[in-house]
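Structure first, commentary second.
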Amino acid sequence: MSYETLRVERDGPVATVTLDRPQLRNAASNQLVQDLYDLTLALRRERDVRVIIVTGAGHSFSAGADLKEAPSYTLDDFRRRREVMGLMFGQLESLDAVSIAAVNGYALGFGCELALACDVRVAAADAVFGYPEPRVGVVSPTQRLVRLVGLGRARDILYTARMVDAAEAERIGLANRVVPPERLLGEARAMAAQMLELAPLALKYTKVAVRLGLLSGITGAQRYESDASVLCAASEDRQEALRAGHMAKKMAYGAAGRRPLDGVRVIDLGTILAGPFGATLLGEFGAEIIKVEMPGAGDPLRGSGPIYEGLSFQWLTEARNKKSVTIDLRRPKGQEIVRQLVAKSDVVVENFRPGTLEGWGLGWEDLRQVNPRLVMVRASGFGQDGPYAGRPGYDRVGMALGGLTYISGYPETPPVRPGPAIADYMTATYGALGAVLALYHRDAQGSGEGQYVDVSLFETVFRLMEFTLGAYHKMGLVRERIGNGHPTSQPGESFLTKDGKWVTIACVGDRMFQRFARTVGRDDWLADPRFKTSAGRLKDVDEIHAFTREWVTQRTEAEVLGIMERAEIPCSPIYSIADIATDPHYEARGDILEVEDPRIGPVWMAAVTPRLSATPGAITAPAPDLGQHTRAVLRTLLGYSDAELDTLHAEGVI
């Protein structure tokens, strides 16, 4: 890594970053701010960096803004500078690596905020902290100082713009340690060495929990801690600790765990679920998701399902971890912006009707010219080719054509659409799998080439159809509706208990049926030739279900569940969402997360699935407001000025 205003040195898992403008006391020029932004972004991809030490060349950490450069700032320059600074500080705080500020001399304004954005601060005895911005007519950053030293002390420092020496800084918690200037870097490195002796996963999760507590409150952080502890207990780090005899000797831990898709950028052009949910899955495992929406309208998912204070719970759940950027894809200028984003991204996800993006110059052949390494997930109702390709496709249609609707319901009633949007969710999940496979081919296998992933609603449903195709091919068997049962489960139904609770029993296979018969007192079934095989039992399943229904009706839910569990026969209560919300197993597994939303407060959401022991997924940001990140993304990623963005907004492009 090479930067104009920074020196970056690596010593194994420790990176030392030195602000390198000593002749100007490391004043924060626009170039220095941009270099730090680029560095923190690059460090997200440095999987083996576990500790970062930040210090200043010469006799100052950073004395604040570059006063020689400042008079030339326009309002747009000033606004962009503050925005890039904010993004950079946020990126530094959210790194998996722990950051140590080694503060030498002046840490004023920008310098003080940079030190506070680091996880811990070691100060030289001659260090001086402060926020002098009000002296030159600028508002100081406030929140990190308030969070660190408390409201009363922060007011004293901010409202007087006074300087804080090292001794006071240590006393009030602004500095963690104070040492003689000649020992500063040695102390920081010694602290880094202590951190490297800790289990990487445990340290990483501890840092996330601390930050989560600040962002979303104690309840969410405690649930995260509990879940992370379980994950750590099953990790290789934990096994190494046990092999090392706990604290008897130092542990040879491996590299710090990270989310597996850190550093991957995804452009989500889709709407509703069949495309966007796949992007959500990628985002939960570390990918940066830039969701492109129509200006003024947004994704229709924003209005789907129950609405609470103007917000859809479906949107809040499925748009988490995403940035919202509004771009009109129908306009040439909007199409050009998308191409610019694609040039700097890894994956595009879309679920337009085939041919739509081609009409806008954004199809696969167009975008692969912009970025030959691109992976493009193309979700649709019927696939990208074939006689049905141009038809509109929705979840219900996908389940119908895929065969699932035909076998759902009772023989005497019309085919039934199963409950949730199975086709949409499965298509998105297969699309996400395809994206990961394509990235593996591109990066891990070293091909360097991109490719597109063609996934459709009807085909993902068709893939779920069990034995249905083979039985038709070889036996001419057309699978029909059999109500609530299943061809391989006898009994396999829902039953009402004595205390008015619904339970389901799934008895699969001959040996399990024999255990069931003995358990319910029907030893005569064991000798009945009709019930020797699953196929035979299916013909007389009504008799089995009638008896089981009567047997269950005479017992409470707890009694039925207990008897079936002891017999090792799968049985479960049939839960409503109210039951789920109070179930102890859900609680123990941490399956319901309380995510802090800035608009309506805490919202319950399903946790991330699946669980990875070394690189687990996470919910790191709430669902965005429409266009919340448009200007920030286009400024920082593509370099647009505020004037250019104002023009694009006035033209309706963004």
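Dipole orientation for region 391-466: of the candidates Y394, F458, A435, Y394 has the Cα lying most toward the positive pole (charges on Cβ; Lys, Arg +1; Asp, Glu -1).
With helices as the sole contributors, the chain gives -12000 deg cm²/dmol at 222 nm; each DSSP H run of n ≥ 4 counts as -39500 (n - 2.57), and the sum is divided by every residue. Look at the alpha carbon pairs under 8 Å that are at least 6 residues apart: their mean separation over the length of the chain gives a relative contact order of 11 percent.
Spatially, region 447-474 and region 555-591 are offset by 34 Å when compared through their Cα centroids. Label reach from K333 (point 7 Å along Cα→C-beta): in region 635-654, amide nitrogens under 13 Å belong to 641-654.
Net charge dipole, the chain: roughly 580 debye, given to the nearest 20, about the Cα centre with Cβ charges of +1 for Lys and Arg and -1 for Asp and Glu.
What is the calculated FRET efficiency for L526 to R417, with r their C-beta to C-beta distance and R₀ = 45 Å, to the nearest 0.05? Efficiency for this residue pair is about 0.70.
The overall shape of region 520-654, judged from the alpha-carbon gyration tensor, is prolate: a/c is not under 1.5, and a/b is greater than b/c.
State the extension gain, in nm to one decimal, for the chain segment bounded by Q194 and Q23, taking 0.36 nm per residue of separation less the distance between their alpha-carbons.
58.2 nm
Which entry is the computed volume of the Cα convex hull per residue in Å³ for this structure: [x] 283; [y] 205; [z] 169? The value matching this structure is [y]. Subtracting the Cα-Cα distance of R162 and L437 from 0.36 nm times their residue separation leaves 93.4 nm of extension gain. Sequence-distant contacts, meaning Cα pairs under 8 Å at least 6 residues apart, place the relative contact order of region 6-196 at 20 percent.
Each residue in W604, W360 was given a count of other beta-carbon atoms within 10 angstrom of its own, and listing them fewest first yields W604, W360. Sequence neighbours fewer than 8 away in the same chain don't count; with that in mind, list the lysines whose C-alpha is under 16 Å from K291. Correct list for K291: K322, K323, K344. In a fully extended conformation the segment linking F467 and Y575 would gain 36.0 nm over its present Cα-Cα distance, using 0.36 nm per residue. If both residues of a DSSP beta bridge must be in region 46-191, then about 10% of such bridges are antiparallel.
Of all DSSP beta bridges located in the chain, what percent are antiparallel, nearest 5? Could the numbers behind the result be given before it?
Working: 27 of 71 bridges.
Roughly 40 percent of the beta bridges in the chain run antiparallel, per DSSP.
Ordering P616, M475, G403 by Cα displacement along the dipole of the chain toward the positive end leaves P616 in first place; charges were set at the Cβ atoms of Lys, Arg (+1) and Asp, Glu (-1). Determine the relative contact order of region 44-121: mean sequence separation of Cα pairs under 8 Å and six or more apart, normalised by residue count, in whole percent. Reported relative contact order: 48 percent. Classify region 1-132: rounded, prolate or oblate, from the alpha-carbon gyration tensor (a ≥ b ≥ c, eigenvalue square roots; a/c under 1.5 rounded; otherwise prolate if a/b is larger than b/c)? Since a/c reaches 1.5 but b/c is at least a/b, the shape of region 1-132 is classed as oblate. Across all Cα pairs in region 430-589, the calculated P(r) in 5 Å bins from zero up to the longest distance comes to 2, 7, 13, 14, 12, 11, 11, 10, 8, 5, 4, 2, 1, 0 percent per bin.
Enumerate the helices in the chain for which the Kyte-Doolittle hydropathy averages -0.5 or more and the C-alpha atoms extend at least 24 Å along the helix's axis, using complete DSSP H runs. Membrane-span-like by this criterion, though nothing is claimed about a membrane: 422-439. Counting every other Cβ atom within 10 Å of each residue's Cβ, C112, C118 order from fewest to most as C118, C112.
Between beta-carbons, use under 10 Å as the cut-off and find the net charge around L311, counting Lys and Arg +1, Asp and Glu -1.
Neighbour charge sum, excluding L311 itself: -1.
Around G483, what is the net charge, scoring Lys/Arg as +1 and Asp/Glu as -1 over all other residues with Cβ under 11 Å from its Cβ? Computed value for this residue: -3.
Within region 1-131, DSSP assigns beta bridges of which about 25% are antiparallel (rounded to the nearest 5). To the nearest 20 debye, what is the magnitude of the charge dipole of region 6-196 about its Cα centre, counting +1 on the Cβ of each Lys and Arg and -1 on the Cβ of each Asp and Glu? Here the size comes out at about 280 debye.
Bear in mind these aren't lab numbers, they're just calculated from the coordinates by the rules spelled out. Here the structure is a predicted model, which means the values were calculated and not measured. Because the Cβ atoms are built from the backbone with ideal geometry, glycine has one as well, and the counts that use them run over all protein chains shown.
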